[in-house]
1. What pairs come out if I take residues in segment 178-191 that are part of a helix (DSSP H, G or I) and pair them with residues that are modelled with pLDDT under 95 and among the charged types (D, E, K, R) whose C-beta lies under 7 Å away, six or more apart or interchain?
2. Considering each residue of segment 69-79, count those that are surrounded by fewer than 20 Cβ atoms within 10 Å (Cβ to Cβ) and closer than 16 Å to GLU17 by Cβ, and give that number.
3. Quick check on segment 48-66. Is at least one of its residues modelled with pLDDT under 95 and surrounded by fewer than 16 Cβ atoms within 10 Å (Cβ to Cβ)?
4. Can you name every residue in segment 33-46 that is closer than 20 Å to PHE63 by Cβ and in a loop (DSSP other than H, G, I, E, B)?
5. Being assigned to a strand (DSSP E or B) and either over 30 Å from ASN128 (Cβ atoms) or modelled with pLDDT of 90 or more (or both) narrows it down to one of MET1, MET81, so name that one.
6. Tally the residues that are without any contact (Cβ under 8 Å) to a residue 24 or more places away in the chain and either among the small types (Gly, Ala, Ser) or within 19 Å of ARG181 (Cβ to Cβ) (or both), restricting the search to segment 2-34.
7. Can we say ALA103 is on the phi < 0 side of the Ramachandran plot, in contact with a Pro (Cβ under 9 Å, 6 or more places away or on another chain) and modelled with pLDDT under 90?
8. Being in a helix (DSSP H, G or I) and in contact (Cβ under 8 Å) with a residue 40 or more places away in the chain is the filter here; which residues of segment 47-63 pass it?
Amino acid sequence: MASYTEKLTLGISKILESSPGISEVKFDERAPAERHLIVSWEQRNSCFLPDDLKNFYLMTDGFLMSWSVKLDDSTVQVGSMVINSISDLLRLGGSSVYALPNAPTLADLEDEPEEEGCLEQPHFDSRNVIFELDPCSSNGKVCLVYKTSESGGAASDPEIWFLDRALYWHFLTHNFTSYYRLLLSHLGLPQWQYAFTSYGLSPQAKSRPEAHGRSVLYTSLRTHYTAC
């Protein structure tokens with residue numbers, strides 16, 4: 001019977017642990033979020049968590065798994081998969097960048113017109129309510145994005161978007177379940193979210209440790225699924 005960790009990671013933890021060259025697979029096993037904390041979050045933010053994300057928090061209050069590779073007699077962490085806990089699911093935007101009167105806010109960046117035929121991008125003003133789902137090791141932010149309804153409340157079907165370091169938005173998935181599968185399938189490789197941007201991975205993400213990790217993992221995954 002599959003273990004709790006194996007079920008929660010959809011089998012990825014087992015693949016990592018059995019892959020040659022992969023070392024120190026770490027999984028932070030967490031208790032479920034207490035239901036009253038979820039209710040409190042919804043009341044405080046005037047938003048209802050989507051059912052899939054709420055059920056996730058009722059299984060585990062956040063998610064953290066990392067893995068490393070052996071390289072030149074040293075161990076280098078390559079992959080890191082993170083979902084913020086309910087207490088760290090914090091709202092973005094609205095506050096001043098500087099603690100000064102009339103200081104600029106993120107909403108002041110709203111100066112580019114929408115491209116016709118494209119998905120409507122998130123906004124830092126009253127049109128959206130945005131929460132940080134994953135800090136992406138300071139390489140951007142994966143966000144839970146609610147649209148504001150005509151009545152002023154937040155819609156109950158938020159999308160998942162990636163905010164890069166230049167503060168440009170990139171669509172990832174329509175729901176949390178799809179994003180979670182996407183996160184696991186990319187194994188937490190550095191800056192994997194940039195694969196969903198027009199400019200792709202940075203040279204840093206293609207550097208030796210990360211490239212080595214990709215090579216080892218893709219070989220292991222190919223072997224695993226060929227044998228299935």
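1. Listed pairs, sorted by first residue: none to list.
2. Taking segment 69-79 first, the residues surrounded by fewer than 20 Cβ atoms within 10 Å (Cβ to Cβ) are 70-77.
Of the ones still in play, those that are also closer than 16 Å to GLU17 by Cβ are 70, 75, 77.
The total comes to 3.
3. no
4. Hits for segment 33-46 are ALA33, GLU34.
5. On the way: MET1 fails: assigned to a strand (DSSP E or B).
After applying the criteria, what remains is MET81.
6. 6
7. Numbers: on the phi < 0 side of the Ramachandran plot: yes; in contact with a Pro (Cβ under 9 Å, 6 or more places away or on another chain): no; modelled with pLDDT under 90: yes.
Against the criterion (on the phi < 0 side of the Ramachandran plot, in contact with a Pro (Cβ under 9 Å, 6 or more places away or on another chain) and modelled with pLDDT under 90), ALA103 does not qualify.
8. Going residue by residue through segment 47-63, those that are in a helix (DSSP H, G or I) are 51-59.
Scanning segment 47-63 gives ASP52, LEU53, PHE56, MET59.
The values are calculated or read from the model by the stated rules, or taken from the named source; none is laboratory data. Values in this document were obtained by computation on a predicted structure and should not be read as measured data. Here the Cβ is made from the backbone with ideal geometry for all residues, glycine too, and neighbour counts use every protein chain on show.
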